[in-house]
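Comments concern the structure below.
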Amino acid sequence: MKQKSSIGAPAQHNQSSRKGKKAWRKNVDLGDIEEGMEGLRAEERITGSILQKKTNDELFQVDVKGDERVRRSVPKFSTSLLTSTKILSQRSAVPAVYSRPTASKKRTALTHEEKGRLLRMGKRPSRGPFNAIMDPTEFGAGSAMLEVSEAVRESGRYNVWGEQDVDFAVKAKHPRTPHPRSSIALPAVPSPHEGTSYNPLVTSHLDLLRTAHEIEERRLREASKLEETKEKIEKGRQTAAFAEIDGVASGMKVDDSNADDTVDSTAREPDSEARPVKKVPDRKTKQQRRKADRLRAERRAIADKIAKKRMLASVDSARAFRKALSRNLAVQERLRAQRQAVMEEELKKGLAGKKLGKHKVPEGEVEVQLSEDLSESLRALKPEGNLFRDRFLSMQHRALIEPRVPVLPKRRRTRIKEYEKHAFKRFDRDQ
């Protein structure tokens, strides 16, 4: 039996079988949705649009003055006040849809090319001369209009090789942080030490030997410190592995003496049996609670008084605090300026030994010969050092290139496994 919805549309919500997809869709109740849509259509017919889309100024009006001639202007009886007249006078605010063009609207005539394009888009045959059907596969028969491009229209108006007053320069913002290269006052080829000569003075040669000795001692100390750190890490790993094997938490040591454990256990047994029972405090009386409240209020009053005194003292000493703060700021600014001056002075000597980015700038090797290796003549002089390496280090010291480390090829991590097949009993290699 079919049922009707509230707006008059037929409906069928009660059906015993819902096996098919169509039957299931047919029994869906859309009455609430249809009522809501019909209400929105009614609002659009009356007001021209939905009330939700209108602003408060269009919906409401505040009358602050009022009209004193309302009663005089309203007639006692009029046929326009009848309900039937109001229903007949209601007209929709939405403009009507015109199915045919009227004389007021102007018809735009289509050109021959536009008409052909629309026919091609609708896949309808376009007829040419003598009522012949044009072939859509020929050149220019597609839906796109074959018109002259903008580049072809503007051809010949722009001279590529002519002088144009166009500023293509992009003004980039320079960073505020100064580049270290601007503060470095290091020559490209620094003058060598006097001790590097083939026939140096004794004092200069000893000074250079002392410098090389200090550098080598510092390297040995750093290497020994690194070895100690590695040993500590390895010992820690071994201790952790041993603790995990024995079932003991990491960082704890357990004695293996069984006798002490037995003695301690026997000594602890009677104590564990006779544990003192915790006494439950008695409930306070009203007099005790009043006394506790009075003491708590007195302590709170004393604390408030002390805080008030501290606040008054701090208000009185605000001027002294301000002066002390200004003095501290001046001292900090002076120390910062001194540190900045020291950094700039050190930066003038180059970036040797300082970390720039991910890596540290190398200081370079000290080329020195022992006393027995010195050649006292240019004829027996042997070349020392590497010019390319010196030039590369000089560019790093002057912040022309960033510090790098040599990238060595990685060793192969995969191992070659050897196994014997059971079927053929022969050895094969597989990675």
Evaluate segment 346-361: report whether one residue or more is assigned by TED's automatic domain parsing to the domain that holds residue 395, within 30 Å of residue 215 (Cβ to Cβ), without any contact (Cβ under 8 Å) to a residue 60 or more places away in the chain and among the β-branched types (Val, Ile, Thr). yes
So residue 326 fits all but one of (1) under 49 Å from the mean Cα position of the chain (by Cα); (2) surrounded by fewer than 10 Cβ atoms within 10 Å (Cβ to Cβ); (3) of a type in the set (Ser, Thr, Tyr); what number is the exception? (2)
Among the candidates 402, 418, 365, 384, single out the residue that is touching a helix residue (DSSP H, G or I) at 6+ places or on another chain (Cβ under 9 Å), farther than 29 Å from residue 183 by Cβ and among the acidic types (Asp, Glu). 384
Across segment 23-36, what is the total count of residues that are at pLDDT 85 or above and small (Gly, Ala, Ser)? 1
State all residues of segment 325-344 that are polar (S, T, N, Q) and more than 15 Å from residue 183 (Cα to Cα); if no residue qualifies, say none. 326, 328, 332, 338
Here the qualifying pairs (Cβ atoms under 8 Å; residues six or more apart or on different chains; first in segment 53-70 and under 16 Å from residue 43 (Cβ atoms); second of a type in the set (Val, Ile, Thr)) come out as 54/47
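Results for (1) out of contact with any Leu (no Cβ under 9 Å at 6 or more places or on another chain); (2) more than 29 Å from residue 370 (Cα to Cα); (3) surrounded by 11 or more Cβ atoms within 10 Å (Cβ to Cβ); (4) in contact (Cβ under 8 Å) with a residue 60 or more places away in the chain, shown as yes or no for each residue.
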position	(1), (2), (3), (4)
180	no, yes, yes, yes
194	no, no, yes, no
201	yes, no, yes, no
206	yes, no, yes, no
211	yes, no, yes, yes
219	yes, no, no, no
228	yes, yes, no, no
231	yes, yes, no, no
238	yes, yes, no, no
Candidates 39, 8, 66, 20, filtered to the one that is of a type in the set (Gly, Ala, Ser) and at pLDDT 75 or above: 39
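Here is a yes/no grid of residues against (1) farther than 30 Å from residue 392 by Cα; (2) in a helix (DSSP H, G or I); (3) among the acidic types (Asp, Glu); (4) over 43 Å from the mean Cα position of the chain (by Cα):
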{"site": "195", "(1), (2), (3), (4)": "no, yes, no, yes"}
{"site": "205", "(1), (2), (3), (4)": "no, yes, no, yes"}
{"site": "214", "(1), (2), (3), (4)": "no, yes, yes, yes"}
{"site": "234", "(1), (2), (3), (4)": "yes, yes, yes, no"}
{"site": "239", "(1), (2), (3), (4)": "yes, yes, no, no"}
Looking only at segment 348-407, filter to residues that are among the hydrophobic types (A, V, I, L, M, F, W, C) and in contact with a His (Cβ under 9 Å, 6 or more places away or on another chain); which one of those is surrounded by the most Cβ atoms within 10 Å (Cβ to Cβ)? 351
Output the number of residues of segment 71-88 satisfying the condition of being of a type outside the set (Val, Ile, Thr) and either modelled with pLDDT of 85 or more or under 30 Å from residue 41 (Cβ atoms) (or both). 6
Yes or no: residue 342 assigned to a helix (DSSP H, G or I) and either more than 30 Å from residue 199 (Cβ to Cβ) or of a type in the set (Gly, Ala, Ser) (or both)? yes
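The values are calculated or read from the model by the stated rules, or taken from the named source; none is laboratory data. Everything numeric in this text was worked out from a predicted model, so none of it was measured. Virtual Cβ from ideal backbone geometry, glycine too; neighbours counted across all protein chains shown.
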